[in-house]
Amino acid sequence: MVEQLKRLVSGIDGLDALLKGGLIAGASYIVQGPPGSGKTILANQLAFNHVGQGGRVLVATLLSESHERLFQYLSTLSFFDPNRVGNQIQFVSAFDTLEREGLDPVVKLLRGEISRHQATLLIVDGLLTARSRADTPLDTKKFIADLQGHAAFSGCTVLFLTSSRLDDGSPEHTMVDGVIELGEVLVGSRSVRRIQLRKTRGSGALSGLHDCEITEDGLQVYPRLESLYSHPSGSGSDEQGRVSSGIKVLDELLGGGLPGASVTLVMGPSGIGKTSLGVSFLAAATPEAPGLHFGFYETPHRLRLKASALGHDFAEMERHGALHIGWQPTTEGGLDEVGARLLSQVQAHGIRRVLIDSLGAFTRLASNPARLNEFFRALTGELRARDVSVMATWEMRDIFGSEINAPAPDLSSIVDNLLLMRFVELESELKRLLSILKVRDSYYDPALLELIISAHGIDLQKAFTQATAVLSGTPSPVPGA
């Protein structure tokens, strides 16, 4: 039987997910990154979370900066509790000892402080300063090894913070059990913070670069969704039932409704009625099977007005818990942050149907567009695993024309059902067309339908039987019709 190593939970959800449960208790880690990357915030956030779980922390600084100045900065963050300082969290400055006496007396000082305070977490801020005082790389190794040995004997986990980007073969890297690197890159004119686990001895981890940000709550980490859910968290229901699309005629054409826990993509140009179709889909939600509008363009107020114009009382549905509205302005957030927010709302409210309006907004949030295919695959796969029926919209560029621009190159493996909406000019009138292009593992009627939007909602009628080339937007009458 494989023994499970004891974990020290950081309390930073995304970081614990990357570490697959947290830091290994009694192990040592380097946290490295340039100044301003968030090393000190991460370490102190972890420290205050740790004492909240009953631990004791010793923070040793090898820097000339005073603790009072550090506390001023930390006081702006929600996790900082001044009542913990001097009690469960002890701050010790070893800068003068290092400057006057060298590395060995620092080790002796910290050994005594670990024992005196019975620390279960040691944070050493300023490994670069210690390295500058070492005469040889061997001295650096000895410094780390001496601290590691005593800390491990005491059951204490160690974090070394350094502003130097150490190479994989550096003495420090070879001595510690894990390396966490923080950094920042420019994507266009936007600055994106990143975190990477470069080494995790004795433990699995989510590799690669992951986004993070610093908020008033401290460091927030957002694992890449395709890494976090490379395998969905569940298998979903064994029975494939049907869920109503919210439009009676469409349900009949689909043989009873959309397949349960499936992903339906509605494609069409601006103004065709994609959101209105989605509103009808959400209107079929109930308190027992709630719905979620996860949108980027319609504010909650405007969405309620749009629903009311179609004969649906969204405010009443919200009061009864049948509907929840999550609005995400496209001016904020990153791809994984917003994806995590969607899944969090699904989990919190027991959501069973979601309208994502629209997928195109995710492409604007992506700092690396090459990831979109894998991201959509992971997101939709996890929603299926949670028995959530999804309807998503995608805005096509051309109002008329036969060309179809898909949101991802491998669309077939991402969505189960595909609905196409187009404008059609016929007999000097502009009409809305809806066509069912695909329904996975189910019969459907492939007829061309005219979509009519009124104060009573959406209606569909079979039409365009007397014309050809309808999907081009400029059909021609059938000769002799």
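The values are calculated or read from the model by the stated rules, or taken from the named source; none is laboratory data. The structure presented is a predicted model; accordingly, all values stated were derived computationally and were not measured. Backbone-built Cβ (ideal geometry, glycine too); neighbour counts: all protein chains shown.
Details
- Restricting attention to the range 191-215, the residues being of a type in the set (A, V, I, L, M, F, W, C) and either outside any strand (DSSP E or B) or under 22 Å from residue 381 (Cα atoms) (or both) number 3.
- All positions within the range 87-144 that are closer than 23 Å to residue 25 by Cα, among the basic types (Lys, Arg) and in contact with a Pro (Cβ under 9 Å, 6 or more places away or on another chain): 141
- Any hit, the range 228-240, residues being touching a strand residue (DSSP E or B) at 6+ places or on another chain (Cβ under 7 Å) and among the aliphatic types (A, V, I, L, M): no
- Qualifying positions in the range 60-81 - over 21 Å from residue 102 (Cα atoms) and of a type in the set (Ser, Thr, Tyr): 73, 75, 76, 78
- Residues (among the polar types (S, T, N, Q) and either out of contact with any Asp or Glu (no Cβ under 8 Å at 6 or more places or on another chain) or outside the structural domain of residue 364 (by TED's automatic domain parsing) (or both)) located in the range 261-318: 276, 280, 286, 299, 308
To keep it simple, each residue is scored yes or no on (1) in contact with a helix residue (DSSP H, G or I) (Cβ under 6 Å, 6 or more places away or on another chain); (2) modelled with pLDDT of 90 or more; (3) aromatic (Phe, Trp, Tyr).
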{"residue": "149", "(1), (2), (3)": "no, no, no"}
{"residue": "161", "(1), (2), (3)": "yes, yes, no"}
{"residue": "171", "(1), (2), (3)": "yes, no, no"}
{"residue": "194", "(1), (2), (3)": "no, yes, no"}
{"residue": "203", "(1), (2), (3)": "no, no, no"}
{"residue": "227", "(1), (2), (3)": "no, yes, no"}
{"residue": "241", "(1), (2), (3)": "no, no, no"}
{"residue": "248", "(1), (2), (3)": "no, yes, no"}
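- Filter pass, residue 98 being within 24 Å of residue 33 (Cα to Cα), assigned to a strand (DSSP E or B) and in contact with a helix residue (DSSP H, G or I) (Cβ under 7 Å, 6 or more places away or on another chain): no
- Condition met for residue 393 (farther than 13 Å from residue 293 by Cα and either in the same structural domain as residue 278 (by TED's automatic domain parsing) or in a strand (DSSP E or B) (or both)): no
- Within the range 1-56, the residues that satisfy the criterion of being under 18 Å from residue 162 (Cβ atoms) and small (Gly, Ala, Ser) are 27, 28, 33, 36, 37, 38, 43, 47.
- Residue satisfying all of: in the range 98-139; more than 37 Å from the chain's Cα centre (by Cα), of a type in the set (Val, Ile, Thr) and at pLDDT 90 or above; surrounded by the most Cβ atoms within 10 Å (Cβ to Cβ) among these: 114
- Checked against the criterion of being assigned by TED's automatic domain parsing to the domain that holds residue 293, modelled with pLDDT of 75 or more and not aromatic (Phe, Trp, Tyr), the candidates 411, 418 yield just one match: 418.
- Hits in the range 244-274 - residues which are in a helix (DSSP H, G or I), crowded, with 24+ Cβ neighbours inside 10 Å and out of contact with any Ser or Thr (no Cβ under 6 Å at 6 or more places or on another chain): 250
- Looking across the range 103-142 at every residue that is assigned to a loop (DSSP other than H, G, I, E, B) and aliphatic (A, V, I, L, M), the one that is nearest to residue 174 (Cα to Cα) is identified as 134.
- Qualifying residue in the range 4-21 (condition: part of a helix (DSSP H, G or I) and either acidic (Asp, Glu) or touching a Lys or Arg at 6+ places or on another chain (Cβ under 9 Å) (or both)): yes
- Of the residues making up the range 216-225, those that are in a strand (DSSP E or B) and closer than 18 Å to residue 47 by Cβ are 218, 219, 220, 221.
- Residue among 179, 158 that is crowded, with 20+ Cβ neighbours inside 10 Å, in contact with a Ser or Thr (Cβ under 7 Å, 6 or more places away or on another chain) and assigned to a strand (DSSP E or B): 158
- Residue 192 vs. criteria among the β-branched types (Val, Ile, Thr) and over 24 Å from residue 9 (Cβ atoms): yes
- Looking across the range 17-46, just one residue is surrounded by fewer than 18 Cβ atoms within 10 Å (Cβ to Cβ) and under 12 Å from residue 197 (Cβ atoms), and that is 20.
- Of all residues making up the range 187-208, the number that are closer than 13 Å to residue 37 by Cα and free of Cβ contacts under 8 Å to residues at least 12 places away in the same chain: 1
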